[in-house]
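For reference, the structure discussed in these notes is given below.
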Amino acid sequence: MTVLKKVAVLGGGSFGTVIANLIAENGYDVQLWMRDQQRADQLNYEHENKRYLPGYSLSEKVVATSDLQSVVQDAELVFVSIPSQSFRDVIKQAKPFINEGQMFVSTTKGIEAKTFSLMSEILSEELPGAQVGVLSGPNLAKEVVAKQLTATVVASESQLLRSSVQTILHSSYFRVYASSDTYGVELGGTLKNIYAIAAGLSAALGMGENTRAMLMTRSLAEMSRFAVCMGANPMTFIGLAGVGDLIVTCMSPLSRNYRVGHALGEGKTLEEAVEALGQVAEGVNTIKQVKEKASEMQVYMPLVTGLYEVVFNHAPVAEVVKMLMMNEQSTDVEFVLPRGDI
Ligand SMILES: NC(=O)C1=CN([C@@H]2O[C@H](COP(=O)(O)OP(=O)(O)OC[C@H]3O[C@@H](n4cnc5c(N)ncnc54)[C@H](OP(=O)(O)O)[C@@H]3O)[C@@H](O)[C@H]2O)C=CC1
Ligand SMILES: O=C(CO)COP(=O)(O)O
């Protein structure tokens, strides 16, 4: 059994708070880094994250602070729950206080703009001596903090990291599976956000359950095809970090990506939808990044292309739907096999 003396979480939003609370509920002391000391004081005093998880009581063992050095220095295991567009910046701020061999686990489900880097790649680049992993699965923050039965996947090349995360997070309501397909697990969590936007949009437009089933199934085929071309293991996509996370975010109004899609379907602009959310919806940027990468890699992704047209070029949904339904390439063959895989 791994014994950890110091564990930290960077990012006091919805999911960072949930991870810190899981660790604390298992009896470990945990430090949660938030950039705003006033919010940290409020959390320490009221044991509640009023901005992101109002109404949910947190363990008294979660201690929040805005002192980054005191949080990361000598922490054996550090979870990072910072939105993808600020992720590298926060890691650079933490870098001077980090030593070789510390373990870092990203829970972030996004891609860095311009570089197409996933968060595990940013960690490996910025912290070359660190052990790196990711955590991903169908893990809506509000359900986890409410202790609904949940499972997730920790992926890393490091066996020590995988077992440390399993030890520290596993509980009677939170089950942690291990994988060595870091890239696939991370890509699964990232790509499904795109399709959650499409699912929210179609629900707001009154489309039926047959439509939702078609959308989700074809989304799975599309995201797997892309991921396999990028080097992921196709089996990952029939697991929790693939189809599991796709299901929950395409079905639940608790998903922020679903909610952005729903707001678009109600006629709001993208800016209004994102503003009203007040939290991160990673899928919005991911659509752009994946569309670009798919065209560079020549991966067939009709749903990404269609959604991009609706979200960024204001294409009428009816026209995009017609294009998707009448598309020659998808009429006969369920699985398009670009490189002999899916
Ligand atoms: N919520 C969920 O159900 C799940 C989320 N995830 C993933 O976790 C990641 C984080 O999401 P989540 O916690 O939900 O996001 P939220 O929008 O709830 O919170 C974002 C947090 O990041 C902080 N932050 C943003 N930019 C910076 C920065 N430059 N420096 C320091 N802190 C910063 C925010 O601080 P401030 O409040 O000061 O702005 C806030 O605490 C996302 O990639 C998401 O996909 C994964 C699984 C489940
Ligand atoms: O990733 C999530 C659940 O697994 C959370 O999804 P949203 O970011 O869409 O809320």
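List of remarks:
- Scan of the range 207-224 for residues that are among the aliphatic types (A, V, I, L, M), away from ligand 2 (no atom under 16 Å from the Cβ) and touching a residue at least 40 places away in the same chain (Cβ under 8 Å), ordered by number: Ala221
- Checked across the range 49-58, the condition of being in the same structural domain as Leu123 (by TED's automatic domain parsing), closer than 30 Å to Gly101 by Cβ, of a type in the set (Gly, Ala, Ser) and modelled with pLDDT of 95 or more holds for no residue.
- Among (1) within 16 Å of ligand 2 (Cβ to nearest atom); (2) in contact with an Asp or Glu (Cβ under 6 Å, 6 or more places away or on another chain) - the single one Tyr52 does not satisfy: (2)
- Criterion: under 27 Å from Gly184 (Cβ atoms), surrounded by fewer than 23 Cβ atoms within 10 Å (Cβ to Cβ) and at pLDDT 95 or above - qualifying residue of Pro128, Pro96: Pro128
- Number of the condition not met by Ser57 [criteria: (1) part of a helix (DSSP H, G or I); (2) more than 27 Å from Val284 (Cβ to Cβ)]: (1)
- Residue within the range 178-186 that is touching a helix residue (DSSP H, G or I) at 6+ places or on another chain (Cβ under 8 Å), polar (S, T, N, Q), closer than 22 Å to Asn257 by Cβ and more than 15 Å from ligand 2 (Cβ to nearest atom) present: no
- Boolean, Met251 is in contact with a Leu (Cβ under 6 Å, 6 or more places away or on another chain), within 16 Å of ligand 1 (Cβ to nearest atom) and not assigned by TED's automatic domain parsing to the domain that holds Leu149: no
- Residue selection: Glu121 satisfies the criterion of being of a type in the set (Asp, Glu) and either under 17 Å from the mean Cα position of the chain (by Cα) or not assigned by TED's automatic domain parsing to the domain that holds Trp33 (or both).
- In the set Thr182, Thr167, Thr152, only one residue is modelled with pLDDT of 95 or more, within 11 Å of ligand 1 (Cβ to nearest atom) and of a type in the set (Ser, Thr, Tyr); that residue is Thr152.
- Flag if Tyr45 is outside any loop (DSSP other than H, G, I, E, B) and modelled with pLDDT of 95 or more: yes
- The residue that is surrounded by the fewest Cβ atoms within 10 Å (Cβ to Cβ), among those in the range 24-40 that are of a type in the set (D, E, K, R) and within 24 Å of the chain's Cα centre (by Cα), is Asp36.
- Test: Leu43 is within 16 Å of ligand 2 (Cβ to nearest atom), more than 19 Å from Phe104 (Cβ to Cβ), crowded, with 17+ Cβ neighbours inside 10 Å and in the same structural domain as Lys147 (by TED's automatic domain parsing): no
- Some residue of the range 196-206 being surrounded by fewer than 18 Cβ atoms within 10 Å (Cβ to Cβ), free of Cβ contacts under 8 Å to residues at least 40 places away in the same chain and out of contact with any His (no Cβ under 6 Å at 6 or more places or on another chain): yes
- Hits in the range 276-290 - residues which are more than 9 Å from ligand 2 (Cβ to nearest atom) and either touching a residue at least 24 places away in the same chain (Cβ under 8 Å) or assigned to a loop (DSSP other than H, G, I, E, B) (or both): Gly278, Val284, Asn285, Thr286, Ile287, Lys288, Gln289, Val290
- Filtering the range 221-269 to residues that are small (Gly, Ala, Ser), under 20 Å from Gly208 (Cβ atoms), assigned to a helix (DSSP H, G or I) and within 15 Å of the chain's Cα centre (by Cα) leaves nothing.
The values are calculated or read from the model by the stated rules, or taken from the named source; none is laboratory data. Given the structure is predicted, the values throughout are model-derived calculations rather than measurements. A quick note on method: Cβ atoms are made from the backbone with ideal geometry, for glycine too, and the neighbour counts reach across all protein chains shown.
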